[in-house]
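First comes the structure, then the notes that go with it.
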Amino acid sequence: MKVLVTGGAGFIGSHVCRHLLAEGHALTIIDDFNDFYDPALKRANIASLGSGAVLREGDLREATFVESVVAEGTFDTIIHLAARAGVRPSLLDPQLYIDTNITGTHNLLASARKAGVKRFVFASSSSVYGLSKVVPFAEDLPLPQTLSPYAATKLAGEQLCGNYAHLYGMRVVCLRFFTVYGPGQRPDLAIHKFTKAIHEGKSIPQFGDGSTRRDYTYIDDIVQGVAGALTYGGPSFDIFNLGENQTTTLSELIVEIENALGKKAVIEHLPEQQGDMPLTAADISKARRLLGYDPRTPVREGIPKFVEWYLSRQ
């Protein structure tokens, strides 16, 4: 299979690309190596893939560039992982998120349609559920209100995907990722930041009283779900949650990191952060049934694996 992966130099993207190469697929990667975090880390991710992938460096906001890559590649599938990520940064520069996550997604969909790409996999987010009171979150829940520009752009991306599936017969699978972590995790994310700070004896910021809960999902399980989407033969447009099917409070997460490091955290207590969801919890029964999704790494096992990776790089 010929596959185009956007954002293939990033955390999730590089793991997905590694899996695709191991499975023998022909792989092309688009990444712009922006400075949201150190581009050198992304360059290292690409280098770790070896010579098996073709890299096309560029910005999805540039429609001509996107169209040329997609047209030349004659791809069977596009896996669209590239995005401006993060709830809190989106509050500071919502226009950047709109331009990248909405316009960039549309450029890719339009190019895919023109080139006759048959399958499109879109990385969405648990943030689309906003303040939903029905727990765990199922894919058919009404979504009347998101809490951040980032979440709004992900929901808009899903809607665009639905448009293209309905109007042009493209098979589109949207995957709602729930707080992904593991080796190679972005340094701006909580687990990585907390591990670094505790290891170095520095304080960590705890927003709120520590009772917020997240469905933390280990990267290997996410890759498994993405792989399942590549062969899904159901409706032309469908949405799936990819989570671990259990929740962990912020306080519990800190304890798990402390235990893995063998060090106590110095906690700086801060007010709750605007845009943060108080709870994420995935109903993964649909993904289990239709994608063969079977997450196998709970937090109590995944955090020690992440910490081991982190310490190996110090």
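Values in this text are rule-based calculations from the coordinates and carry no lab data. In this text the structure is predicted, and so the values were computed from the model without any measurement. Neighbour counts are summed over all protein chains in view; Cβ atoms, including those assigned to glycine, are modelled from backbone coordinates with ideal geometry.
The table that follows gives values for the structure above.
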quantity	calculated
FRET efficiency estimate (nearest 0.05) - Cβ-Cβ, Ser203 to Arg313, R0 30 angstrom	0.85
Entries of Lys42/Lys118; Lys196/Lys264; Lys118/Lys286 with Cα pairs more than 21 Å apart	Lys42/Lys118; Lys118/Lys286
Where labels lie 7 Å past Cα in the beta-carbon direction, separation of Val135 and Glu62 in nm	4.5 nm
Under 5 Å, built H, 5+ apart or other chain: amide partners of Ile79	Leu4, Val5, Thr6, Val121
Calculated diffusion of the chain, Stokes-Einstein form, Kirkwood radius summed over Cα pairs, 10 °C and 1.306 mPa s, µm²/s	80 µm²/s
Projected label distance in nm at Arg300 and Asp276, using a 7 Å step from Cα toward the beta-carbon	2.5 nm
Distance-filtered residues of the range 188-216 - backbone nitrogen under 12 Å, label point 7 angstrom along Val266 Cα→Cβ	197-205
Size of the range 163-223 as Cα extents on the principal axes (Å, biggest first)	55, 26, 17
Backbone HN-Hα couplings from phi across the range 84-93 [Karplus 6.51/-1.76/1.60, Hz, Gly and Pro as x]	7, 9, x, 5, 5, x, 5, 5, 7, 9
Burial ranking of peptide ranges 42-50, 244-252, 97-105, 117-125 (average Cβ count within 10 Å, highest at the top)	117-125, 97-105, 244-252, 42-50
For the range 33-110, convex hull volume per residue from C-alpha positions, Å³	104 Å³
Debye log10 I(q)/I(0) at q = 0.24 Å⁻¹ for the range 117-183, Cα point scatterers	-1.07
Computed over the range 168-314, the ratio Rg/Rh where both radii use C-alpha atoms and Rh is Kirkwood	1.03
Other-chain or far-sequence residues with amide H under 5 Å of Leu279's (modelled H)	Arg213
Label zone at Ser51, where the point sits 7 Å out along the Cα-to-Cβ direction: the range 5-30 residues whose backbone N lies under 16 Å	27
Extension gain (nm, one decimal) between Leu92 and Leu41, 0.36 nm per residue minus Cα-Cα	16.0 nm
Aspartates and glutamates whose Cα lies under 12 Å from that of Lys305, excluding same-chain neighbours fewer than 8 positions away	Asp220, Glu256
